[in-house]
Amino acid sequence: MKKSLLILGTVLLQVSICNCQTNIKESDVLRGPYLGQTPPENQSKIFAQGFISSEFGELNSVFTKDGKEFYFSRRGMPGKLSVVMVTRMTNDEWTNPEPVNLSGTNDDIDLFITPDGNSMIYCSGKVQQKDGRPYIDHDFWISKRDGEKWAEPILFAQEAMSKFEDYFPIVTQSGNLYLNSQRGGPGTNDLVFMHIEPGKSEYYQSIIKDVPGLSVFTKKMEKKQLIK
């Protein structure tokens, strides 16, 4: 009996130590690159549990090129749909995650920071007007950096927008736009490729299965893309 209690006590102590190592509070200070986390290499691992990963839903995250800002979407907070959050490394310490100044009213998801760090392109379910009537559609918006804040966003690549739900924009330096769209019908979520000519309204598009070197299109949902 004593041996069993000793084993049980040892297991509980190990679990307690493990929880102390993996659960981080927002009040805790994280230091250094990668929010002070150990890179997972080829093994999946919850990221900054208790600080970034929480009881809410976190998705669609990105570091800025210099590694000093980390943006992500958080869903399920009381009274909000989806919010774009940010934490910044200042004097080697990461600030507590907070909503960016342009987010918190609408369903804001699927953000992308341009390589120069000066623009944010994101998906938002803003209320818009068409023929004098309000409607809600997930379209892409772009905002310019203003210090640690972001300017009032405007519609991005309007010629590429559709009456369907469009998500998760990624833009390359060559002007290629990759997105996730329900243009094939509700719930299809196909990957779409477009090339936007700067200053022009013309563009071409194709389902990603037609793009040379890319063959990830299936009859199932394709929701997230990664461009290296």
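Each residue in THR172, THR64, THR87, THR38 was given a count of other beta-carbon atoms within 10 angstrom of its own, and listing them fewest first yields THR38, THR172, THR64, THR87.
Footprinting exposure proxy ranking of HIS138, HIS195, fewest other C-beta atoms within 10 angstrom first, gives HIS195, HIS138.
Is there a pair in LYS68/LYS163; LYS45/LYS163; LYS45/LYS126; LYS45/LYS65; LYS65/LYS163; LYS68/LYS126 whose C-alpha atoms are over 27 Å apart, and which pairs would that be?
The answer is LYS68/LYS163; LYS45/LYS163; LYS45/LYS126; LYS65/LYS163; LYS68/LYS126.
Could you tally the net charge around PHE164, taking each other residue with its Cβ under 12 Å from the Cβ of PHE164, Lys/Arg +1 and Asp/Glu -1? Here the count lands on -3.
Residues whose amide H falls under 5 Å from that of HIS195, counting only those 5 or more places apart or on a different chain, are LEU177, TYR204, with hydrogens built in the peptide plane.
Here the label points at ASP131 and ASP116, each 7 Å from Cα along the C-beta direction, are separated by 4.0 nm in the simple model. Counting neighbouring Cβ atoms within 10 Å and putting the fewest first, the residues TYR135, TYR167, TYR34 line up as TYR135, TYR34, TYR167.
All of the numbers you see were taken from the coordinates with simple rules; none came from a lab. Predicted model, so just to flag it, every value in this text is computed and none were measured. Virtual Cβ from ideal backbone geometry, glycine too; neighbours counted across all protein chains shown.
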